[in-house]
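Let me give you the structure first, and then I'll get to my questions.
The values are calculated or read from the model by the stated rules, or taken from the named source; none is laboratory data. Computed from a prediction, not measured in an experiment: that's the story for all the values here. Neighbour counts are summed over all protein chains in view; Cβ atoms, including those assigned to glycine, are modelled from backbone coordinates with ideal geometry.
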Amino acid sequence: MKKFILWMLVLLPLLHANAQFGGEDPVTVEESVTVNGAEGVITFEAFIESGYHMYSTNIPDGGPTPTSVTFRVVEGAELVGSLTPGAGAVTTMDPVFEMEVSYFDESAKFTQKVKFLGGKYRIQGTMRYQSCNDGGCFPGRYEFDITGEVELPKEKAVEKPVEKAEPKKVEPAKAEEPKAAVPQPIETAASVADTTAIAPVVAEPVNPAMSGNALWTPVIDKLNVEVVEDSSIWLVFILGFGGGLIALLTPCVWPIIPMTVSFFLKRSKQRSQAIREAIIYGVSIVLIYLVLGLAVTLIFGAGALNALSTNAIFNIIFCLMLLVFGASFLGGFELTLPSSWTNKVDEKASNTTGLLSIFFMAFTLVLVSFSCTGPIIGFLLVEVAASGEILAPAVGMFGFALALALPFTVFALFPSLLKQAPRSGGWMNTVKVVLGFVEIAFALKFLSVADLSYHWGILDREAFLALWIVLFALLGLYLIKVIRFPHDNPEDKTTTVTGFFAGVLSLAFAVYMIPGLWGAPCKAVSAFAPPMSTQDFNLYTNAFEPDTKDFELAMEMSRKENKPVMLDFTGFGCVNCREMESDVLANDKVLDILQDDYIVASLYVDDKTPLAEPFEIELDGKKIVLETVGDKWMYLQNYKFGSSAQPFYVLVDSEGMPLNGSRKHNLDVDGFADFLKKGLDNFKRKAD
C-alpha cells in the first residue's frame, strides 16, 4: 500500500501537466542546428532547476516518462538514427519504480542526426520529458520549429529535389482571445524510437480560425451573456459541508472529538481559555484544508482542472483508487499514512507551546483521519473540478473543514452536549461499510468517463445500471444484516430500526433503477450514468438527441433548413450536462422547440477521436497542436465564445453569429424555453 501512495504522488502531478499547457516547468530547453555539408545535428540542450532531475531516453517499460521527440514535419531533410542522450547521466535504483533509471542533474544534451537534401528545410515537432524532485514530478513539453537553407555541392545535391513551398501562416483576426487553457492533445505520432522508419513529409495543418472562415470569427463582444443566477459555488460549498458531516461519523474522527474537547477543558484552569483553544483548534483545521484547496487551484488552475476531470488516464487511476479505498472500508485491509508522518507531527505538538502546539494538534488530526477523509476529499476535489469556478476547490475544502471542525468548538462551548452525543460503537463501522459501497459505485462513474471519451464501449448505460443495481441491493441486504463482513461483530445479528429503514431505501433505489435497463430515464441517476445514446435496447422515445456532433455540419444544415442552431458544448464526463439533458432538454416544453425549430449540435470537448488533419493554433504566445475532436471544440468554445465551462449553450444563426445570450447549468425549464423562444424570434427578425 505504501507503494500505491508513492505512485499516486508521482502520477497526480503528471496528470496535472497532461491537462494543461502552462505551468512552472523546472526545465528550460533550447535547440540549435549544426550543418556540415549534407550532414547535420540538431542539439536539444536542457537546463534543469536545482533540486530536479530529468530522465534520459533509455527508461525501461513501467518506469518514469523517458525523454523523446515526435517529428510532425520533416521537409528538405531526412532523420538519421534516433535521439541520443549526451554524457553525464546518472544511473541508479529508483525506490518508487523499483528499477534502474538514468537521469541528468543541472543540464542535459540530446542530439538527433539529420541528412539535408539541399535547399530549404523545415523540421517541426515536440520534445517530451519528465523532471522530478522529492516532492513530485513535472512532465514537460517543448515545441520546436526549425527552418533554414542548405546549399550542397553540385556533385552531392540530390537530383530533382522535391521542394515544398513553406506553408503560409495567416495571423488570426485581432480579437479578445480568452485566457482559458485548451486541453492538451493526446500524442498520436510515433515515438522517436521509430523515427528512422518514419520521416513524414507533410504540409502544415491549417487552423480553421486562421483561414478566413467566418464561422470561427470571435463574437465575445457581441455575445450578451444572459443573466442567470449561478448557484454552483453554493452547491460546491454544500457538497463540501456534506462531505465533512459524513467524515465526522467515521471511526477515524468521531472517537477523537470527546478526547480532544476533554483535553482542552482539563489542561486549562479557566473555562474561557479552554473555549478559546478549542476555537483556535477548529480554525486551524479549517485553515489546513483551505490551504489544500487553494494549493490545488494554484497548481492546476481552474481551466486545467476542468480538462483534468475528463482526462482518461486520470479517471482510470481515480477509479482504481476508489476501488482500493472501497475495499479498505469493507474490511479488506487497513489503509493509513506512514506512522512516521503522524509521529513527527505529534512530536512537534508536544515540544511546542501556545498557538503553534494547537495548530500541530489539528494537523495530527488531519493525518490520523486520512484513511476515512482521504477518499471523501479526493472525490470532492474531482467533482468540483468540472464546475469551471476558479475558487471551487477552496470553497469545497472550506465547507468540508467547517463541518469537520464545528463539533470541536460546539462541544467546548457546551460540554453537557457531549453526554447526549452518540457513543462510539458498531454503528460507525456500518457508516464505513456504507461509504465503501458508495465509493465502489462512484468508481464506475469515473471508469465510464474514460470509456465514453475514447469510445471503448465497455460500459454502456445498461452495464452501468446493472452494476449499480447489484451494489445497492447488496448494500440493502447488509443494512438489514443479511450479509456481514470480516470486521463486523458476528454476534450482532439484530437489525436496528434505523438499519431497517436505510436497508429498505437502498433496496428500493435498486428496484427503481431496474426499468432503466429498458430505457427508462431514471432521472435520479441520470447525472452519473452514461448518456441515453449508449443504450442498446431502448423502449423510451422521449429523450434528448442532437441532430449532429459537428459544428460545420450544423451550420450547413442551418442554411439548408433555414433554422437557427443551438450549440451544446458538453462533455462525456460532465455530470451537470447529463442532468441538464434529462431534466431540462428532455422536458416536453423544451424538447418540442428543439425538435421543431432548431438544429442541435452537441460538441463534446473531451472526445478523444483523432482529427483527420491536426492543426496548429497559437495561445498566449505558445504554439499548440490540436489533435482530437475534443481539442477542436474546446478551442472553438474558448476562441469564439470566450467560455470554458460545460455545459454551455449558445444560439447562433447560419453565419455563426449569436442570436441572444448564453446559458449554463440551470434547471429552470421555463427559463430555458424562454431562452429558445427569444433566440427563434431574433432569427426570424433577421431573416425578415
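Mind listing whichever residues of region 633-652 are assigned to a helix (DSSP H, G or I) and not aromatic (Phe, Trp, Tyr)?
MET634, LEU636, GLN637, ASN638, LYS640, listed by residue number.
For region 313-361, enumerate the residues that are modelled with pLDDT under 60 and charged (D, E, K, R).
LYS344, ASP346, GLU347, LYS348
Going through region 668-688 one residue at a time, which ones are surrounded by 15 or more Cβ atoms within 10 Å (Cβ to Cβ) and charged (D, E, K, R)?
LYS678
Evaluate the following for THR430: is it in contact with a Lys or Arg (Cβ under 6 Å, 6 or more places away or on another chain) and surrounded by 13 or more Cβ atoms within 10 Å (Cβ to Cβ)?
The answer is no for THR430.
One line per residue, one yes/no per condition, for (1) aromatic (Phe, Trp, Tyr); (2) touching a Cys at 6+ places or on another chain (Cβ under 7 Å); (3) modelled with pLDDT of 85 or more:
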{"site": "VAL90", "(1), (2), (3)": "no, no, yes"}
{"site": "MET93", "(1), (2), (3)": "no, no, no"}
{"site": "GLU100", "(1), (2), (3)": "no, no, no"}
{"site": "SER107", "(1), (2), (3)": "no, no, yes"}
{"site": "PHE110", "(1), (2), (3)": "yes, no, yes"}
{"site": "VAL114", "(1), (2), (3)": "no, no, yes"}
{"site": "ARG122", "(1), (2), (3)": "no, no, yes"}
{"site": "MET127", "(1), (2), (3)": "no, no, yes"}
{"site": "ASP134", "(1), (2), (3)": "no, no, no"}
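Pairs needed: first member in region 114-130, assigned to a strand (DSSP E or B); second member anywhere, of a type in the set (Ser, Thr, Tyr); C-beta distance under 6 Å; at least 6 residues apart or different chains.
ARG122/THR147; GLY125/THR70; THR126/THR70; MET127/TYR142; ARG128/SER68; TYR129/THR67; GLN130/TYR55; GLN130/THR65
Okay, residues lined up against (1) part of a loop (DSSP other than H, G, I, E, B); (2) at pLDDT 65 or above; (3) buried (at least 19 other Cβ atoms within 10 Å of the Cβ); (4) at positive phi:
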{"residue": "VAL382", "(1), (2), (3), (4)": "no, no, yes, no"}
{"residue": "PRO393", "(1), (2), (3), (4)": "no, yes, yes, no"}
{"residue": "PHE400", "(1), (2), (3), (4)": "no, yes, yes, no"}
{"residue": "ALA405", "(1), (2), (3), (4)": "no, yes, yes, no"}
{"residue": "VAL410", "(1), (2), (3), (4)": "no, yes, no, no"}
{"residue": "LYS419", "(1), (2), (3), (4)": "no, yes, no, no"}
{"residue": "SER424", "(1), (2), (3), (4)": "yes, no, no, no"}
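A follow-up question, please. Restricting attention to region 136-170, which residues are at pLDDT 80 or above, within 35 Å of the chain's Cα centre (by Cα) and among the aliphatic types (A, V, I, L, M)?
Matches in region 136-170: ILE146 only.
Taking PHE569 and the conditions (1) under 17 Å from ASN638 (Cα atoms); (2) of a type outside the set (D, E, K, R); (3) part of a loop (DSSP other than H, G, I, E, B), which numbered condition does it fall short on, given that it satisfies the others?
(3)
Residues of region 552-569 being in contact (Cβ under 8 Å) with a residue 12 or more places away in the chain and out of contact with any helix residue (DSSP H, G or I) (no Cβ under 6 Å at 6 or more places or on another chain), which ones?
GLU552, LEU553, ALA554, MET557, SER558, ARG559, GLU561, ASN562, LYS563, MET566, LEU567, ASP568
Kindly evaluate PHE675 against the criterion of being under 23 Å from CYS577 (Cβ atoms), of a type in the set (Phe, Trp, Tyr) and either modelled with pLDDT of 85 or more or in the same structural domain as GLU556 (by TED's automatic domain parsing) (or both).
So PHE675 passes the test.
Also, I was wondering about something else. Hey, does region 647-663 have a residue that's out of contact with any helix residue (DSSP H, G or I) (no Cβ under 9 Å at 6 or more places or on another chain), closer than 15 Å to VAL219 by Cα, surrounded by 19 or more Cβ atoms within 10 Å (Cβ to Cβ) and among the aromatic types (Phe, Trp, Tyr)?
no
Name the residues in region 476-488 that are in contact with a Gly (Cβ under 6 Å, 6 or more places away or on another chain) and either part of a loop (DSSP other than H, G, I, E, B) or farther than 17 Å from PHE329 by Cα (or both), would you?
Matches in region 476-488: ILE480, PHE485, PRO486, HIS487.
Of (1) crowded, with 16+ Cβ neighbours inside 10 Å; (2) in contact with a His (Cβ under 6 Å, 6 or more places away or on another chain); (3) not hydrophobic (A, V, I, L, M, F, W, C), ASP105 satisfies all except one. Which?
All conditions are met except number (1).
Output yes when any residue across region 653-663 is touching a Cys at 6+ places or on another chain (Cβ under 9 Å), touching a residue at least 40 places away in the same chain (Cβ under 8 Å) and not in a strand (DSSP E or B), and no when none is.
no
Now for a separate question. Given the criterion in a helix (DSSP H, G or I) and surrounded by fewer than 19 Cβ atoms within 10 Å (Cβ to Cβ), identify the matching residue among ALA443, ALA466.
Going through ALA443, ALA466 in turn, the sole match is ALA466.
Then there's this: Could you tell me whether region 573-593 includes any residue that is outside the structural domain of ARG72 (by TED's automatic domain parsing), under 23 Å from the mean Cα position of the chain (by Cα), assigned to a loop (DSSP other than H, G, I, E, B) and at pLDDT below 85?
Yes, that holds for at least one residue.
Right, here's the next one. Is there any pair with a first residue in region 525-546 that is outside the structural domain of PHE572 (by TED's automatic domain parsing) and a second that is β-branched (Val, Ile, Thr) and modelled with pLDDT of 75 or more whose Cβ atoms are under 7 Å apart and which are 6 or more apart or on different chains, and what are they?
Short answer, once both residue conditions are applied: PRO546/VAL600.
Just wondering, is there one or more residues in region 499-510 that are over 28 Å from the mean Cα position of the chain (by Cα) and at pLDDT below 90?
yes
A further question on this structure: What is the residue count in region 67-108 for residues that are of a type in the set (A, V, I, L, M), in a strand (DSSP E or B) and touching a helix residue (DSSP H, G or I) at 6+ places or on another chain (Cβ under 7 Å)?
Residues that pass the stated criteria total 2.
Also: Of these, ALA543, ALA520, ALA524, which one is in a loop (DSSP other than H, G, I, E, B), out of contact with any helix residue (DSSP H, G or I) (no Cβ under 8 Å at 6 or more places or on another chain) and over 19 Å from GLY630 (Cβ atoms)?
ALA520
Just checking, which of GLY516, GLY503 is outside the structural domain of CYS574 (by TED's automatic domain parsing), of a type outside the set (Phe, Trp, Tyr), crowded, with 17+ Cβ neighbours inside 10 Å and without any contact (Cβ under 8 Å) to a residue 40 or more places away in the chain?
GLY503
Conditions tested, residue by residue: (1) surrounded by fewer than 20 Cβ atoms within 10 Å (Cβ to Cβ); (2) farther than 19 Å from LYS677 by Cα.
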site: ASP536; (1), (2): yes, yes
site: SER558; (1), (2): no, no
site: ARG578; (1), (2): no, yes
site: SER582; (1), (2): no, yes
site: ASN587; (1), (2): yes, no
site: ASP596; (1), (2): yes, no
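To continue, here is another question. Among LEU626, LEU591, which is in contact (Cβ under 8 Å) with a residue 12 or more places away in the chain and within 26 Å of ALA527 (Cβ to Cβ)?
LEU591
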